[in-house]
1. Out of the range C:286-307, which residues are at the interface with another protein chain (Cβ under 7 Å from one of its Cβ atoms) and touching a Ser or Thr at 6+ places or on another chain (Cβ under 7 Å)?
2. Specify which of the listed residues (C:Ala24, C:Ala7, C:Ala31) is closer than 22 Å to D:His213 by Cβ and either touching a helix residue (DSSP H, G or I) at 6+ places or on another chain (Cβ under 7 Å) or assigned by TED's automatic domain parsing to the domain that holds C:Ala130 (or both).
3. Conditions: (1) in a loop (DSSP other than H, G, I, E, B); (2) more than 7 Å from chain D (Cβ to nearest Cβ); (3) closer than 27 Å to C:Val126 by Cα; (4) of a type in the set (A, V, I, L, M). C:Val199 meets all but one. Number of the miss?
4. Looking only at the range C:1-10, count every residue that is surrounded by 20 or more Cβ atoms within 10 Å (Cβ to Cβ), touching a residue at least 24 places away in the same chain (Cβ under 8 Å) and under 17 Å from the mean Cα position of the chain (by Cα) and tell me the total.
5. If I filter the range A:257-280 down to residues being touching a residue at least 40 places away in the same chain (Cβ under 8 Å) and at positive phi, which single residue comes out as surrounded by the most Cβ atoms within 10 Å (Cβ to Cβ)?
6. Can you pull out the residues in the range C:37-63 that are charged (D, E, K, R) and over 30 Å from B:Arg111 (Cβ atoms)?
7. Take the range C:263-288 and flag every residue that is under 20 Å from the mean Cα position of the chain (by Cα) and small (Gly, Ala, Ser).
8. With the checklist (1) closer than 27 Å to A:Ala227 by Cα; (2) over 28 Å from the mean Cα position of the chain (by Cα); (3) among the basic types (Lys, Arg) in hand, flag the one item A:Arg353 doesn't pass.
Protein chains: 4
Amino acid sequence: MLRTLTAGESHGSALTAIVEGIPAGVTLDRAFIDRELERRQGGYGRGKRQKLETDRIFIDSGTFKGVSTGAPITLRLINNDAKLERLSEPAAPRGGHVDLAGSISYQTGIRQVLERASARETAVRVAAGALARLVLREVGITVFGYVAELGGIAAPPLSRDVAVRDASPVYTLNPEADAAIVAAIDAAREAGDTLGGVVETIVTGCPIGLGSHVQPDRRLDARLACAVMGVQAIKGVEIGLGFEAARRPGSKVMDPIRYEPEHDADDRRYGFRRPSNNAGGIEGGTSNGEPIVVRAAKKPISTLASRGPSINMATKAESPATYERSDVCAVPAASVIVENVVGFEIAAALLERFDGSSLDSLRATMAAVHALNREKLDHWAERP
Amino acid sequence: MLRTLTAGESHGSALTAIVEGIPAGVTLDRAFIDRELERRQGGYGRGKRQKLETDRIFIDSGTFKGVSTGAPITLRLINNDAKLERLSEPAAPRGGHVDLAGSISYQTGIRQVLERASARETAVRVAAGALARLVLREVGITVFGYVAELGGIAAPPLSRDVAVRDASPVYTLNPEADAAIVAAIDAAREAGDTLGGVVETIVTGCPIGLGSHVQPDRRLDARLACAVMGVQAIKGVEIGLGFEAARRPGSKVMDPIRYEPEHDADDRRYGFRRPSNNAGGIEGGTSNGEPIVVRAAKKPISTLASRGPSINMATKAESPATYERSDVCAVPAASVIVENVVGFEIAAALLERFDGSSLDSLRATMAAVHALNREKLDHWAERP
Amino acid sequence: MLRTLTAGESHGSALTAIVEGIPAGVTLDRAFIDRELERRQGGYGRGKRQKLETDRIFIDSGTFKGVSTGAPITLRLINNDAKLERLSEPAAPRGGHVDLAGSISYQTGIRQVLERASARETAVRVAAGALARLVLREVGITVFGYVAELGGIAAPPLSRDVAVRDASPVYTLNPEADAAIVAAIDAAREAGDTLGGVVETIVTGCPIGLGSHVQPDRRLDARLACAVMGVQAIKGVEIGLGFEAARRPGSKVMDPIRYEPEHDADDRRYGFRRPSNNAGGIEGGTSNGEPIVVRAAKKPISTLASRGPSINMATKAESPATYERSDVCAVPAASVIVENVVGFEIAAALLERFDGSSLDSLRATMAAVHALNREKLDHWAERP
Amino acid sequence: MLRTLTAGESHGSALTAIVEGIPAGVTLDRAFIDRELERRQGGYGRGKRQKLETDRIFIDSGTFKGVSTGAPITLRLINNDAKLERLSEPAAPRGGHVDLAGSISYQTGIRQVLERASARETAVRVAAGALARLVLREVGITVFGYVAELGGIAAPPLSRDVAVRDASPVYTLNPEADAAIVAAIDAAREAGDTLGGVVETIVTGCPIGLGSHVQPDRRLDARLACAVMGVQAIKGVEIGLGFEAARRPGSKVMDPIRYEPEHDADDRRYGFRRPSNNAGGIEGGTSNGEPIVVRAAKKPISTLASRGPSINMATKAESPATYERSDVCAVPAASVIVENVVGFEIAAALLERFDGSSLDSLRATMAAVHALNREKLDHWAERP
């Protein structure tokens, strides 16, 4: 069982997450977590805030001599720009933000809700996801995210090369598209406008059988959708073909099943192979051994330098929306956030099925189930 | 707190759901539930099974003299076609279904997993959603679903007239598109193929402040995404503009905020009005009083009369996938399922915030919060 | 993950439970479940109702050819005495029951709440627990309950012989005490009064490591306390020595740790033995391999034939409490209920740690962890 | 919805809790929290550690200008004695602690598990409970804990005077018993032994209708039992009469119901009064308006200066258990811990029923339900 709560405001003293359920025995590679935090702060189109913060993770519990103990792990990020108590109340709520609905709902000022709703919170969620990925890494599961489209400019992947992504100013796998994207961001900045995009995450190495068909809330795709739609500014989620699946005939969507005995010993798929992966690695709510593919639509940031139409809350008169310091484009960051949020959910599904007391025990129970599956497949006809 | 578990197999004796958290005092309008069940069974493109079943709801608990008592409500649907024990084991798993991954995961035959994974289960989920909507109906919240696209043929709504939808053979709001859609279904049947589509649900009358920005898993959009992606064959979920939001500049996505005092007494929005609703009624994970708009992509049914490529599990030799009796197109049904699943989640969010002990108490606490919000808005400047 | 919801009223048409998480591959031994139901209905001191009902379990889902499939299992008990709609509203609420607080809370009549609050509900909870114990039985974990005290008459166990308990009219392990207990029940009946008692459940064969110290709500003792206190009429729960532990010095409570290599291969304790078991098998919220001992105090039934003082709700005038048909003593039944409720929780803790997809997988992962623990113990000094 | 996760080790850098669900608008009275922390550290019989720590709460999130915002609140306690990385591995596990079972379960050394299992964790749980009680205090609910028995010496309350308790070296309400208790603690210290005791918590002012009879896990007594048994070293929990109820006839347990119109306007009980409160304020899992009474048995600390029998884990040879610095008696502390843990659960039940968005909204919805209940009671005969 892996679970977490996060806390913290955009300009409060610190962001905190408690993550419970990380197995004992995992080397807590802070450099890996810091690298993900750094990537979250990067990408062309970010504003001044990112220069103020250089996120470094503090681990306050759950560790002994640099190794996890099975106890809850406290992740803490200190805000350099911790000026919350000095910030003023916005006069005019921004459309697209929680400003209006949240301040009515909680009966507070706008400041109180925007500070918590801010995407700054995703920093500690990235840290929690990166922490969970330390577990995945130990058992051969990789999670990889990139930008697939930005500001309406498609950047179909030309490879799955991490170095290509990391060299891209906008985290694509398509160097040919990057210049146009950068230009679009510059143009948006000029116009006081913002840009959104589409990000994709691919998980490889998952064993067959994460998630389940037996109850709606145990379906892996449902859980991934919840986690990804729960990220600030995400307005759509797709698994595999997604909406494109709705447009094709069934014969062009259904992934054939093949058996390639020569690959049987290779990986966790027992020789079963699919020539296509339209399902995105999940059938009937269950991981099927193929790469899990999750795509998310990030809307452009609703805070506009040009300030959209709004009203003054005290007088109800028309007024441009308050401007809070913000980015022109945070799609590259969103690719990092979604990648790590997906990683967290995959780890949660893994640890729900296998014994997560210690890393050794996780490995041992995964191996035991794998061996049993293999034996059962060899004696298929004897199934009840 | 509203929660449910469902149970039952496609050809088992019965489907059952226990729904806990329906307030006392709700008249259990079985005709409403049965009507939704009937709609789920309808729509052009369904197969022979739907003719065998005429779903009628049995309510086995939680009621006294036709009114809910606050106790858990048992919903039961009897399967006419309850031949599970006589059914044979499929020789070749169907791609796109849980057949392969599920039988490996649970170490059973294919029959055991496909029977539970079947979309037949959605019948009782529709019943649970329709039950929850009886509560919504009492407090002025309506949920409305329709088909927006089918087999790649767009059917943009020409109205929001229930009668139009109910007169359409494929549950669209666009009579002009229906003939082409029906023809496409016929063509698919001829070809031994299947069709998918896009369905949309609109919720009106929600008070401001369902869901919350304070923690990812409390965001209303995240919960809706979980519920909708948890429906069989759904591969994508959008809120409001969805993926289209990723392609527009922020100035074309952000919904301006207006104040129209003349409408102040009209509804639950205190006079706040948005000229557009690109956010789909949810900002910062919180309902903002505008209609909530959820769209879902349903893939075509993976069971093909033409039988896709697969393997014989016992011999591992190539073999066409087993054919189980199925529909050519279940997109109209999906519109009913998603509508009711969304209704359930909205009711859950409502009952999490307001007192769900009895219907009167729900109304009283909603009214109390409304009055308080109004008073607070009138004294905005005094907010802390 | 094992979870359940129950539903149903005392005089409704049926009681239902959906139990999700039973592994595939478990032979659904209905005779075992029916035997527990029969035991629940038995014991000296029961009233007329038990003669009207002869509970037999119906399994409506989650099974194929008599074996579990991993899908949710629906348990259903039909009430012979299903006269709910003809029952009248009690005029005067009974102290000790939910009558007053519940009818105020739910704003219903008293009938609506007492029907759900009735201990009749425990019938289906016993069925759910017995179902879960089918899993425990397959992996060598036994659960055993008996009456330890009744009406203030102690019946300390003279053995742990099931046959002795089953031969006792009041389910004790002390034939010498039975006559006095039966006489006390007769005397109570004469007086229009009722009797309570203390029941004990012992779980043997649990592996070390169910539950956890890492978070309060994961402690096995906390979960057992929740489940047992959640049984109707239970007012106290103890683990091991319980309240007696509060009265002894630490040196008389702490269980010494011994190592007896000759027993190393015997069971799940790796040769570790405790000469005493004052902790009741749980240290730090974690099972330690010794028998788990849970004791519960059942108050006497609050419905008195002699009718306690109350008021007429309509007039508020003094009035004897309404009498609903009831038992003089249900302590033997309580021993069965607690036994099965404890069994359910133990199974839940087991399936949270080990893979519960199938019974074979449960066994394989338990064996893998056992082997790993053994290896680690043999190399203790190498622990980090 | 109120929920929390705690984290931190006994000698780690800090203890942390994230508490989500505190309404907006609550003045965060740190002095109140610090006072509870100070009380937890006090009481006759504590060891040297308490002198090293002077717990002061840091609030890292969820606050603006000293008032809660509705966002998660981070509570942090810094350990002065943060020497975890310098501590050695205990050679011989202590009976009664998680040492043996936990290090097998998590496959770590003993140090890793004992640090998290330590009762030091309760400091931050007290802080979380005290925080929740700030909400209760605002709506007229009080929580009060004291020591009822220590080392087998009964200290029946002679009053409910906070000043008496606070003046007692061992937190009793019985100054006559204190000297004997202090002497017993001294004697235990001399003997290298430890003492346990019984603590009681009383909650007054609860509205009728917290918790519910409709499902076992929603019963208020079940939740309280879970929370209290989840406290380190607690081995028994009672509500109201507890085990004594099992020994009396029903006529001496059932609390009569009276109506005293002269008190109708006084409080939250609508004039209903019970001359006795054997039920401890909870009937059918629901608060009934009477004081809620919870009693817990705390075993003596298992760490003995005289070192109990154990084994050396590396050699398996007999060895006295390792001694970790500890207290002779922590029963007064336990009274504070249970008091605050109970407070947290009561607040959770309150916020599950009423709107916890803001303190004003909590008050408004409580008032709305109260008014509705009153009206319904005045028209009782019209109930359905």
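The values are calculated or read from the model by the stated rules, or taken from the named source; none is laboratory data. Everything numeric here is computed off the predicted structure, so don't read it as measured data. Backbone-built Cβ (ideal geometry, glycine too); neighbour counts: all protein chains shown. Just the protein is used for accessible areas: all its heavy atoms, side chains included, with ligands, DNA and RNA removed. Shrake-Rupley method; radii C 1.70, N 1.55, O 1.52, S 1.80 Å.
1. Selection gives C:Thr286, C:Pro300, C:Ile301, C:Leu304, C:Ser306.
2. Answer to the selection: C:Ala7.
3. Among (1) in a loop (DSSP other than H, G, I, E, B); (2) more than 7 Å from chain D (Cβ to nearest Cβ); (3) closer than 27 Å to C:Val126 by Cα; (4) of a type in the set (A, V, I, L, M), the lone unmet condition for C:Val199 is (1).
4. 3
5. Ranking the qualifying residues of the range A:257-280, first place goes to A:Gly280.
6. Across the range C:37-63, the qualifying residues are C:Glu38, C:Arg39, C:Arg40, C:Arg46, C:Lys48, C:Arg49, C:Lys51, C:Glu53, C:Asp55.
7. Residues satisfying the conditions are C:Ala279, C:Gly280, C:Gly281, C:Gly285, C:Ser287.
8. Just one mismatch for A:Arg353, condition (2).
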